[in-house]
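J.: Please find one structure pasted underneath; my questions will follow.
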Amino acid sequence: MSHPQNRHSAHLGRRLGLIAVGAATACTLTACYPSTGDSSKDATPSATQAPKKLRLGQPSPEQEISSYKKTAKFVFTPTKVVEGKPEDLDELDEPDKYAGKKVVWVYVNARHVGGDALKEPPPMMSDVNVETAAGPGTKFILIGALSSTPKDCNLLNGVKELGTEDVWKKGEKRAVCDPYLIPEGAEVEKVTYSQGYYKEPLKWSVK
C-alpha cells in the first residue's frame, strides 16, 4: 500500500484516479497503515481509565502513542458524523460490491498534550470506528476521495504540507476526518476508539 502522504496527493485531485482499495474493520487497521523505520514495534496505544459514558464533543482520557522510540500523549475528541447517501458510491462503478451501503465521515480533534514530539505516528484515525444497530462500521480505504467528500474533511492525519516529515509537537491540535461504510438503512449510534485487546473501547454517543 502506498504511503499516506502519497495517498493525500491523490486526494487533492479528488476525481482523478479514484480507486476503492477496500474496507477494513477496526481490528485490521494497523495492517493497512504500516509505519516507517523502526516505529512499527512501538506503535501500540495505551490509555488511562476511561469514563463510562461520553458524548460527541467530550475529550478522551490521555492515550499514549509511540513512534521511532518516542512516546507522546494525545487526547481525542470526536466532534461530528456526516452521513452520505448510497448514490455517493456510484462513481466507484462497482455496484455489486457497494450495494446496500453508504459512506459516513467521522471528524475527530486530535491534540498532543504531553511527552515527546512524535515523527510519522500511526494515523490518528487508525483506532476509530463507528457502531450502528446492525453492528460496527468498516474503515473505507480509498486512493483519492469521493466527489461527495465534505470540503472540511481533513484526511490522512490532517497533514498540512506534502513532501515533508509529519511531526506532531506538544500542544499541536488537528482536525482529522476519515470515511467509513455502514448499511444504507442504518444510522451511526456511537463513535468508538480502540484501546487494544485488554481494555474496553471508548464510546461516544452520537445522539
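The values are calculated or read from the model by the stated rules, or taken from the named source; none is laboratory data. Please read all numbers here as calculations on a predicted model, not as lab measurements. Using ideal geometry, Cβ is built from the backbone for each residue, glycine included, and neighbour counts are taken over all protein chains shown. Note: accessible area is taken over every heavy atom of the protein model, side chains too, but ligands, DNA and RNA are not part of it. Shrake-Rupley method; radii C 1.70, N 1.55, O 1.52, S 1.80 Å.
J.: One residue is enough: does region 69-77 have a residue meeting the conditions within 17 Å of residue 196 (Cα to Cα) and of a type in the set (Lys, Arg)?
T.: Yes.
J.: Continuing with the same structure: Would you please name the residue that is nearest to residue 192 (Cα to Cα), looking only at residues in region 123-141 that are in a strand (DSSP E or B) and open to solvent by 30 Å² or more (accessible area, probe 1.4 Å)?
T.: Step by step, filter region 123-141, then rank; the result is 131.
J.: Regarding residue 108, is this residue at pLDDT 95 or above, within 19 Å of the chain's Cα centre (by Cα), crowded, with 20+ Cβ neighbours inside 10 Å and not acidic (Asp, Glu)?
T.: yes
J.: Let me ask something else about it. Filter region 57-103 for residues that are among the aliphatic types (A, V, I, L, M) and open to solvent by 30 Å² or more (accessible area, probe 1.4 Å); which is farthest from residue 121 (Cα to Cα)?
T.: Top of the filtered list is 99.
J.: Out of everything in region 172-183 that is closer than 20 Å to residue 145 by Cβ and over 10 Å from the mean Cα position of the chain (by Cα), what residue ends up being surrounded by the fewest Cβ atoms within 10 Å (Cβ to Cβ)?
T.: This residue is 175.
J.: Here is a follow-up. If I filter region 164-183 for residues that are under 28 Å from residue 66 (Cα atoms), in a loop (DSSP other than H, G, I, E, B) and out of contact with any strand residue (DSSP E or B) (no Cβ under 9 Å at 6 or more places or on another chain), do I get at least one hit?
T.: yes
J.: List the pairs whose first member sits in region 89-106 and is closer than 23 Å to residue 155 by Cα and touching a residue at least 24 places away in the same chain (Cβ under 8 Å), whose second member is surrounded by 11 or more Cβ atoms within 10 Å (Cβ to Cβ) and hydroxyl-bearing (Ser, Thr, Tyr), and whose Cβ atoms are under 6 Å apart, counting only residues at least 6 apart or on separate chains?
T.: Close Cβ pairs satisfying both conditions: 89/98; 104/180.
J.: A follow-up question, please. If residue 144 meets every condition in (1) open to solvent by 10 Å² or more (accessible area, probe 1.4 Å); (2) farther than 24 Å from residue 74 by Cα apart from one, which number is that one?
T.: Condition not satisfied by residue 144: (1).
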